[in-house]
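Reviewing the structure listed below.
Any read-out appearing in this document is the output of simple, stated calculations on the displayed coordinates, not a laboratory observation. This structure is a prediction, so every number in the text was calculated from the model and none was measured. No Cβ is skipped: glycine too gets one built from the backbone with ideal geometry, and neighbour counts run over all protein chains shown.
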Amino acid sequence: MTKINLQHFLISFFFLVCTFPQIIFAASLSISPATGVYSSGATFISRVVVNTNSQSINAAEGTVKFNPQELTVVSVDRSNSIFNLWVTEPTFSNSAGTITFSGGLPTGYTGSSGSIFNITFRTKNASNAKVSITGAAVLANDGRGTNLLSSMNGAAYTVQALSNNPIPEVVEYVAPANTPSAPKITSPSHPNSESWYTNKNAILNWELPNEVTSIRTLLDSNQSSIPTRVYEQPIKGINLEDLAEGVSYFHLQFKNSDGWGKVSHYRLAIDSQKPSSFEISLPENADLANPIQTLNLKVVDETSKIIKYLVRIDDNEAYEYIDNSGTSTITLPELSPGRHSFIIEAFDQAGNSIIGQFAFTALAFDRPIFTDYPSEINEEVIPVIKGLTRPNSEVEITVQKTGATATIYNVNSDSSGIFILIPEGTFTTGVYELSAKAKDQFGAQSEISEIIRIAVQEPGYVQIGNFLVNILSIFIPLFAMVVLLAISIWFLALYLRRFRKKVSVESKEVEVMLDREFKSLHQVMKIQQQKLADSHKSKKLTKIEEDMFYTLEAALSMAQSKVEKEVIDVERLVQKK
């Protein structure tokens, strides 16, 4: 009996010794992270990892199961896997809710968190989503394919319904220990990752730590993607050409001997096009008599937001306006009545701009009316002037004497619209013109009133004296002019009388002299005629010579007759009274 018990003990001990290493060094497959809370519609990354418990393994296989009503697989990624040989690459089926895999590596792997592949899940409905591993095996690197798998650890995720303020979609990536930190990306072409640019070609640079053995990159529209393009020979920069309009992200990840490190995400915002349209309008039922107006600004930009406006009103200097309220409106400064034009330039986040133009007429309310005022007063009376305009308005009254500087008075109308002006002191003699303009309690302005006139005269007795002085000042110079004119006429008449006498005497002397001279000429003519006849043998003149003397005699007689007639005419003219 003792011998049999000893044999049983030795057999049991030998079995325990032979099987003990397998129990201690058993391997496990797990889903990491094992828990998490996500919003409905969000994406996140889970990893299938192996813990060899210090054993060397060279292969693993299995099936990951999930509920397709709770989760869907977006993609699987084996680029950072510890395996490089695949019998069955990770393949998923969302309809069946499975991911199958079978891979290995010839050299073997030993470690506590070896990543076999990554799974990008997208959540669906609010639920407690579970992910499990089934039908799995982890084979030892012992030449016999010993299955070391002792446990399969699944995961449970809480999926919450979307709230009114949904949490932005985040893809989680948990870097293994001792792997590189997130790279620091810089850009000379797009230095601020939060800004917008028109340049569609980006230059990105980064420093490479000595332990980095490879890198991987990705350019997409997801702000938290994991890079997929591997560079076995690490590069220090990249040129991205013809970037798409809008926001994209460049993802960069370093790898060292311990695996892939943290991921950097560099935002690139591109908007190379100006806004497509710009409409400016007044709000419906706008009161155009109100000097404070608001314009509606509707700018269409498919890519980036409108961040500022440059506003020019009429011929004034342009000023910058930033719509901090986000209402796409602009409140204008106080406008005077009349036509106003607006040129507004809208700028998007990238600096692209579009210009819009608009114009409208700011109206004025009815002009004030002077209802009670004197048309004539004297210097001793202070006038009282009444008028009518909008109730509770400020009335500016301009009083100007002809040829003098205007005086401005400000009064207020009462609740009935009546305003009263009582000037300070009396008016001096002259004609005064008065006009009024009103501004109501909301700032609206009126048109200028019609001009009224007030004549200011001196008191009655002074006025009569001034009248007599004015009459005499006219009559005396007029009387003096009449006397002077009469004396002038008398002297002129006297002069003319003397002149007639003198002319009469002279004309008679001319007449006697002319008669004597013409007789003398006739006598000379006869003597010369006789001399000419005596010179001939016959003592007679020829026919031609007789005709010549006859013609000269006739001409001389005619001349005498005409001169005498003119002298007689002069005498008659002088003798007229």
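Would you work out which of 128, 160, 331 lies farthest towards the positive end of the dipole of the chain? Charges go on Cβ: Lys and Arg +1, Asp and Glu -1.
331
Using R₀ = 51 Å, calculate the FRET efficiency as 1/(1 + (r/R₀)^6) where r is the Cβ-Cβ separation of residue 535 and residue 509; round to 0.05. Numbers along the way, then the final one.
Details: r = 39 Å, r/R0 = 0.77.
Efficiency for this residue pair is about 0.85.
If the convex hull of the alpha-carbon atoms of the range 395-449 is projected onto planes in all directions, what is the mean projected area in square nanometres? Intermediate results must be reported in sequence, preceding the final value.
Values: hull surface 17.7 nm².
Its average projected convex-hull area is 4.4 nm².
Multiply the residue separation of residue 307 and residue 54 by 0.36 nm, subtract the distance between their alpha-carbon atoms, and state the gained length in nm to one decimal. Spell out each step's value before the answer.
Details: separation 253, 0.36 × 253 = 91.08 nm, distance 5.98 nm.
In short, 85.1 nm is gained.
What nm value, rounded to one decimal, do you get for the distance between residue 89 and residue 355 when each label is placed 7 Å out toward the C-beta?
5.7
Between 94, 210, 42, whose Cα lies farthest towards the positive end of the dipole of the chain when Lys and Arg beta carbons carry +1 and Asp and Glu beta carbons carry -1, centred on the Cα centre?
210
At q = 0.11, 0.12, 0.20 Å⁻¹, what is the log10 ratio I(q)/I(0) for the range 294-409, with the Debye formula run over Cα points and no solvent?
-0.61, -0.66, -1.12
Give me the number: length gained by fully extending residue 563 to residue 288, i.e. 0.36 nm times residue separation minus the C-alpha to C-alpha distance, one decimal in nm. Please report the intermediate quantities before stating the final value.
Details: separation 275, 0.36 × 275 = 99.00 nm, distance 9.75 nm.
In short, 89.3 nm is gained.
Pop the C-beta distance of residue 112 and residue 160 into the FRET formula with R0 = 35 Å and round what comes out to the nearest 0.05. Mind showing how you got there, number by number?
Working: r = 32 Å, r/R0 = 0.91.
E between residue 112 and residue 160, to the nearest 0.05, is 0.65.
Highest mean first, how do 445-452, 142-149 rank when packing is the count of other Cβ atoms within 10 Å averaged over residues? Let's see the in-between values first.
Details: 445-452: 17.0, 142-149: 13.9.
The most tightly packed comes first, giving 445-452, 142-149.
Can you compute the helix-only [θ] at 222 nm over the chain? Use -39500 (n - 2.57) per DSSP H run of at least 4 residues, normalise by all residues, nearest 500 deg cm²/dmol. Walk me through the intermediate numbers first.
Numbers: 3 runs with 131 residues, N = 577.
Computed ellipticity for the chain at 222 nm equals -8500 deg cm²/dmol.
At residue 412 and residue 457, where each label point lies 7 Å from the Cα along Cα→Cβ, what is the point-to-point distance in nanometres?
Rounded to a tenth, the inter-label distance reads 3.9 nm.
Quote the charge dipole size of the chain about the Cα centre in Debye, to the nearest 20; the model charges only the Cβ of Lys and Arg (+1) and of Asp and Glu (-1). Walk me through the numbers on the way to the answer.
Numbers: 48 positive and 58 negative charges, 331 e Å.
So the magnitude is around 1600 debye.
Can you pull the Kirkwood radius for the chain, inverse mean 1/r over Cα pairs, to one decimal in Å?
On the way: mean 1/r = 0.0259 Å⁻¹.
The Cα-based Kirkwood calculation yields 38.6 Å.
For the pairs 519/540; 65/124; 200/305; 124/184, flag any whose C-alpha to C-alpha distance is greater than 27 Å.
Values: 519/540 24 Å; 65/124 16 Å; 200/305 18 Å; 124/184 35 Å.
Beyond 27 Å: 124/184.
What is the set of long-range amide H partners of residue 214 at a cut-off below 5 Å, with H atoms built 1.01 Å from backbone N?
255
Across bins of 10 angstrom width beginning at 0, how are the C-alpha pair distances of the range 131-259 distributed, in whole percent?
The distribution over the range 131-259 is 9, 28, 27, 22, 11, 4, 0, given as percents.
Straight distance only, please: which aspartates and glutamates reach the Cα of residue 298 with their own Cα at less than 20 Å, same-chain residues fewer than 8 apart left out?
Within reach: 271, 279, 284, 320, 323, 345, 348.
Which of rounded, prolate or oblate describes the range 51-207 when judged by the alpha-carbon gyration tensor and an a/c cut-off of 1.5? Numbers along the way, then the final one.
Values: a/c = 2.51, a/b = 1.39, b/c = 1.81.
In terms of gyration-tensor shape, oblate.
Rounded to the nearest 20 debye, what is the charge dipole size of the range 222-274 about its Cα centre when +1 sits on each Lys and Arg Cβ and -1 on each Asp and Glu Cβ?
180
Pulled fully out, how much extra length does the chain show between residue 231 and residue 262, if you take 0.36 nm times their separation in residues and subtract their Cα-Cα distance?
Details: separation 31, 0.36 × 31 = 11.16 nm, distance 1.62 nm.
In short, 9.5 nm is gained.
Roughly how many debye, to the nearest 20, is the charge dipole of the range 474-571 about its Cα centre, given +1 on each Lys and Arg Cβ, -1 on each Asp and Glu Cβ, and no other charges? Intermediate results must be reported in sequence, preceding the final value.
Numbers: 16 positive and 14 negative charges, 46 e Å.
For this selection, approximately 220 debye.
What is the distance, in nm, between label points placed 7 Å from the Cα along the Cα-to-Cβ direction at residue 426 and at residue 499?
6.1
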